[in-house]
Amino acid sequence: MMSKPSISKSQMTLLELIVAMTIFLLIMSFILQLVSQVQQVTSKTKNKNEIYEQQGIFFDIITDDIEKIILATNAPGVAEDFNYKFDESGNPVAYEFFTQTELGRDAGTDPLAVQKVRYTYDNTTEILKRTSWPVQADGSTTGGGTEVEIVENVIEFKILGRAGNSNVPSATTTVDFMIVQLKMYDPKLSKYEAGETPTIDFSKTIFTKSAF
């Protein structure tokens with residue numbers, strides 16, 4: 001009668017070791033995938049938070065500018081009309097108006113407490129800038145102005161002047177309100193990634209409080 005082949009203790013231990021290593025590798029692979037997914041979610045959340053922070057700062061600044069905008073002709077004691085001009089014909093697009101904002105104001109060089117402000121967006125650099133000049137007693141502006149980069153990673157930027165139900169692109173008359181539209185994108189997010197939206201749209205209606 002033939003005896004069954006026996007498995008030695010050392011052979012059983014080796015088999016157990018192979019099984020254990022296989023299970024360990026599977027668990028480690030799962031953990032690494034999970035960690036990678038968590039890092040991706042964290043990174044995307046951080047990037048979007050930075051975008052929302054940028055647009056929040058931008059809208060704080062432009063809201064103050066527009067709420068204190070001056071849209072009138074022949075302001076008291078000033079020779080120049082405080083008209084505004086929206087130029088969307090080229091690149092960069094430019095939106096220019098006068099305001100009584102205190103942002104960046106120097107009382108020594110700004111006796112009227114009026115600043116000429118221009119917002120420009122260049123679609124090649126994808127940067128939105130704000131430039132301001134103090135207005136002198138005769139209505140003139142001097143110097144190259146103070147330029148500040150406010151927002152980057154911008155795809156679209158537009159300001160609509162509204163009088164009633166009509167758009168007013170450039171005028172010397174007072175508008176009722178302005179609609180500011182801003183589209184930004186996350187530069188670290190692939191535009192072709194399935195299920196993701198690489199751009200975020202922002203829009204705000206700002207009512208003017210003309211001083212004159």
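The values are calculated or read from the model by the stated rules, or taken from the named source; none is laboratory data. Predicted model only: the values in this text are computed from it and were never measured. Quick reminder, even Gly has a Cβ in these numbers, built from the backbone with ideal geometry, and neighbours come from all protein chains shown.
Summary of values
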item	result
Residues of region 178-212 that turn out to be part of a loop (DSSP other than H, G, I, E, B), at pLDDT 65 or above and more than 21 Å from Leu128 (Cα to Cα), as a count	2
Count - residues of region 118-153 that are surrounded by 21 or more Cβ atoms within 10 Å (Cβ to Cβ), out of contact with any Phe, Trp or Tyr (no Cβ under 6 Å at 6 or more places or on another chain) and at pLDDT 90 or above	0
Among residues of region 89-113, those that are surrounded by 14 or more Cβ atoms within 10 Å (Cβ to Cβ) and modelled with pLDDT under 80, counted	7
Region 22-42 - residue that is closer than 29 Å to Asp186 by Cα and β-branched (Val, Ile, Thr) and, of those, modelled with the highest pLDDT	Ile31
Some residue of region 75-83 being surrounded by 12 or more Cβ atoms within 10 Å (Cβ to Cβ) and either modelled with pLDDT of 85 or more or among the hydroxyl-bearing types (Ser, Thr, Tyr) (or both)	no
